[in-house]
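Read the structure below first, then the notes.
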Amino acid sequence: MATKTVVLGQKNLEDLDQEVPPELMTINMGPSHPAMHGTVRCVIKIDGERIVEIDPQPGYLHRCFEKESEYATYTQVFPYTDRLNYVSPMLNNIGYALAVEELLGIDKELTERCQYIRVITGEMSRITDHITCVGASAMELGAFTAFLYLLKAREWFFELLEELTGARLTYSYVRVGGLAHDLSHNFLEKLEDILKRTEGVLDECQRLLNNNKIFRGRMENVAVITREQAIEWGYSGPCGRASGLDYDVRKDHPYLNYDRFEFDVPVGSNGDCLDRYLVRLEEIRQSMRIIRQASKDIPPGPVNVDDSRVALPSKRETYNTIEAMISHFKQVMDGVRVPPGTTYSFTEGGNGELGFYLVADGTGRPYRIHCKAPCFYILQSFPEMITGELISDIVPAFGMINMIGGECDR
């Protein structure tokens, strides 16, 4: 059989010397990837391990909160707010209630005891939010012990809130004009015991993580957002403060009775994942500080405004008198009659400024509701935050922005 010999000339050798152009690879991360928290898909273009382009796509947990609320009475919306940021649902209850109360013109008439209880339970929810964020992010980096310690502490708060509200997570405890009921027996004593134990857990976790070379290597100088970038993207909350943005709604636009409490607002300087972690840890301690002041000064008295057109009658009255039963039925099924108007009310949620824009048309149902979800703005900036980093950096970066699907997709 004849064979053919190929002689390489100079031109062929030059072709072999030419550098082969790099070919980018496109990969999917999520929506079922553990680091994406089950609700976001990221389409990523990579050059080796380096991220060249990333497209985060939320919408996999869209709950239609805003549209559903148009078909519910003002009281019936509360269970929907629980499912926004479902890691700190009490803060959503409070933010929505304040918006309705502002339209009704009773936001200045809330009882002292109601305001104190809202502050205490709201700060408890803020603690559970930050604990979950820090614990889950540590676990995703391999620090499983810290995760177990922190989630143990979170369960202490959940158990006490369950005792108060009857639900472990979706509380629906707040009402227009007040609360469903007063604090449970020995609530404040049990809470102080939980705070002491949680302080010990925080100390343990800081010893485990803060100077751990692996943990710091994965967090430090990763996914940096400068103060100027944070302002441009509309950051607020722990992520904004980690970038040096000294803004906290509780301090800058006090609501309820936050202006009576002494607490510090921790502010970072580098705007990286490590600063976001450290800011959240310190905010937990400051929330404890607020709770202790509120527990010490809480006055006796009613927890609802003295207005039968707004406040629901107690369960005891509802079950035993026809008048209270009719009032309860009318308020829940027909709704509290809110005068026509618009308002934007904002509070400090677990991820930042949580706002509710309400339009009332004089009926018992909202004409329009829009929720300003803080983590949506942070998620928008994710490409700028992570482009140029490594694939492995997505895990701590996404964990520390604390994207909550129910809040982001509403």
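Read-outs: derived from the displayed coordinates by stated rules, not from any lab. Quantities reported herein were computed from a predicted structural model and do not represent experimental measurements. Every residue, glycine as well, gets a Cβ built from its backbone with ideal geometry; the counts of neighbours run over all protein chains shown.
Whole angstrom only: what separates the Cα centroid of the range 114-146 from the Cα centroid of the range 53-110? Value for the Cα centre distance between the two parts: 20 Å. Just check the range 180-272 against the gyration tensor rule for me: Cα atoms, a ≥ b ≥ c as the square roots of the eigenvalues, rounded for a/c under 1.5, and otherwise prolate or oblate depending on whether a/b exceeds b/c. It comes out oblate by the Cα gyration axes.
Computed from label points 7 Å out along Cα-Cβ, the spacing between His185 and Glu204 is 3.0 nm. At q = 0.10 Å⁻¹, what log₁₀ I(q)/I(0) does a Debye calculation on the Cα points of the chain give, no solvent, two decimals? Normalising to I(0) and taking log10 leaves -0.69. The ranking of Arg316, Arg218, Arg260 by Cβ neighbour count inside 10 Å, starting from the fewest, reads Arg316, Arg260, Arg218.
3J(HN,Hα) couplings calculated from phi for the range 248-254 with the Karplus curve 6.51 cos²θ - 1.76 cosθ + 1.60 (θ = phi - 60°) are, in sequence order, 9, 4, 4, 8, 7, 9, x Hz; Gly and Pro show x.
If each residue of separation counts as 0.36 nm, what is the full-extension length gain between Arg368 and Glu163 once their alpha-carbon separation is subtracted?
On the way: separation 205, 0.36 × 205 = 73.80 nm, distance 3.38 nm.
My answer for the length gained is 70.4 nm.
I need Thr342, Thr145 ordered by Cβ neighbour count within 10 Å, fewest first.
Values: Thr342 11, Thr145 14.
In order of increasing Cβ crowding within 10 Å: Thr342, Thr145.
In plain terms, if you count all Cα to Cα distances in the range 35-81 and split them into 10 Å steps from zero, the share in each step is 22, 29, 23, 15, 9, 1 percent. Counting only whole DSSP H helices of the chain, the ones at least 15 Å long by C-alpha along their axis and with mean Kyte-Doolittle hydropathy no lower than -0.5 are 89-104, 112-140, 144-165, 187-209, 322-333. Here Ser269, Ser69 are placed in order of increasing Cβ neighbour count within 10 Å, fewest first, which gives Ser269, Ser69.
By the Cα gyration tensor, the range 259-361 has an equivalent ellipsoid whose semi-axes, rounded to whole angstrom, run 39, 21, 12 from largest to smallest.
Full extension of the chain between Arg197 and Val52 yields a length gain of 47.7 nm, computed as 0.36 nm times the residue separation minus the alpha carbon distance.
Counting GluC sites (Glu not before Pro) as exposed when in a DSSP loop with at most 10 other beta carbons within 10 Å, what is the longest stretch of the chain free of them?
Working: sites that count: Glu19, Glu23, Glu49, Glu262.
Maximal segment without exposed cleavage sites: 50-261.
Once the chain from Arg316 to Arg289 is taken as fully extended at 0.36 nm per residue, the excess over their C-alpha distance is 6.2 nm.
With the simple spin-label model, which puts each label point 7 Å out from Cα in the Cβ direction, the Met325 to Glu384 separation comes to 5.9 nm. Sticking with the crude label model, points 7 Å out along Cα→Cβ, report the distance from Glu232 to Asn212 in nm, one decimal please. Label at Glu232, label at Asn212, 3.4 nm between them. Here the calculated FRET efficiency for Arg260 and Met25, from their Cβ-Cβ distance with R0 = 60 Å, stands at 0.60, rounded to the nearest 0.05. Starting from one equal scatterer on each C-alpha and no solvent at all, send me the Debye-based log10 I(q)/I(0) for the range 61-130 at q = 0.22 Å⁻¹, two decimals. Values returned for q = 0.22 Å⁻¹ are -1.02. Checking the cross-link pairs Lys315/Lys372; Lys45/Lys251; Lys213/Lys296; Lys152/Lys296 against a 30 Å limit on the alpha carbon distance flags Lys315/Lys372; Lys45/Lys251; Lys213/Lys296 as lying beyond it.
The separation of the range 153-193 from the range 374-410, counted between C-alpha centres, amounts to 31 Å.
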